Amino acid sequence: MGIELQRLTDQNLEMMEQLLTCFQHAFEDPEEYGQNRPSDQYLRTLLSSDQFIALVALKNSKVIGGLVAYELKKFEQHRSEIYIYDLAVCEDYRRQGIATSLIEYLKPIAREARAWVIYVQADRGDEAPIALYNKLGLQEEVLHFDIPVS
């Protein structure tokens, strides 16, 4: 396959920019991922945080996919949960096991963080991610609400 997986650090700002572009195209959302991109300092701070996880799949040093996740430290027990916020693979590289490889690469990071679970949300009708997540885990039916802060 010739794909390299890597966790980004605060030294990988160019790859983080490439990942944002990958997400922008994969999600067809130029407004969310293309406009008002954060400053280098913001990205450095984020990438140096233990609670932020950015993984990329590289082919010839070019980002072709990636995953962004957050560690949520729990209060009821000394453990965490890992929430996959975004996961995408550039169109030309889909159906090659890259998304699965990124999730597998996340598992030891989650274990090191004392996470008891990795979870992800998928939208109804988005069949490819639903099939992937059903292959890797158990599906729960939940309701998701967005509560505005302003």
For the range 94-105, in order, what is each residue's ³J(HN,Hα) by Karplus, 6.51 cos²θ - 1.76 cosθ + 1.60 with θ = phi - 60°, in whole Hz (x at glycine and Pro)? 6, 6, 10, x, 5, 4, 4, 4, 5, 5, 4, 5
Note down the net charge around Gln139, summing +1 for each Lys or Arg and -1 for each Asp or Glu among other residues with Cβ under 15 Å from its Cβ. -3
Amide hydrogen neighbours beyond the local backbone of Asp86, cut-off 5 Å, H modeled: Val68
Neighbour-limited loop hits for trypsin sites (Lys or Arg not before Pro), the range 29-76 (at most 16 other Cβ within 10 Å; DSSP other than H, G, I, E, B): Lys74
Aspartates and glutamates near Lys107 by alpha-carbon distance under 13 Å, same-chain residues fewer than 8 away left out - which ones? Glu71, Glu81
Equivalent-ellipsoid semi-axes of the range 53-134, from the Cα gyration tensor, Å, largest first: 24, 16, 9
With the full set of protein chains in place, find how many percent of the accessible area of the chain is carbon and sulfur; take the probe as 1.4 Å. 49
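Once you keep just the Cα pairs under 8 angstrom separated by 6 or more residues, what percentage relative contact order results for the range 6-112?
25
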Out of these labelled values of Cα extents along the principal axes in Å, [x] 51, 33, 32; [y] 74, 34, 21; [z] 41, 36, 35, which was calculated from the coordinates shown here? [z]
Hey, what do the phi angles of the range 42-47 turn into as Karplus ³J(HN,Hα) couplings, whole Hz, using 6.51/-1.76/1.60 and θ = phi - 60°, x for Gly and Pro? 4, 5, 4, 4, 4, 5
Using only the heavy atoms of the protein chains and a 1.4 Å probe, how would Ser61, Ser101 rank by accessible area, largest first? Ser61, Ser101
At 1.4 Å probe size, with no ligands or nucleic acids counted, give the accessible surface of Val56 in Å², nearest ten. 0
Taking the solvent-accessible surface of protein heavy atoms with a 1.4 Å probe, what is the per residue accessible area of the chain in Å²? 67
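The values are calculated or read from the model by the stated rules, or taken from the named source; none is laboratory data. It should be emphasised that the depicted structure is a prediction, and the values quoted were computed from it without experimental measurement. In this analysis, Cβ positions are derived from the backbone assuming ideal geometry, glycine residues included, and neighbour counts consider all displayed protein chains. When the accessible area is computed, the model is the full protein with side chains, heavy atoms only, and any ligands, DNA or RNA have been set aside. Shrake-Rupley method; radii C 1.70, N 1.55, O 1.52, S 1.80 Å.
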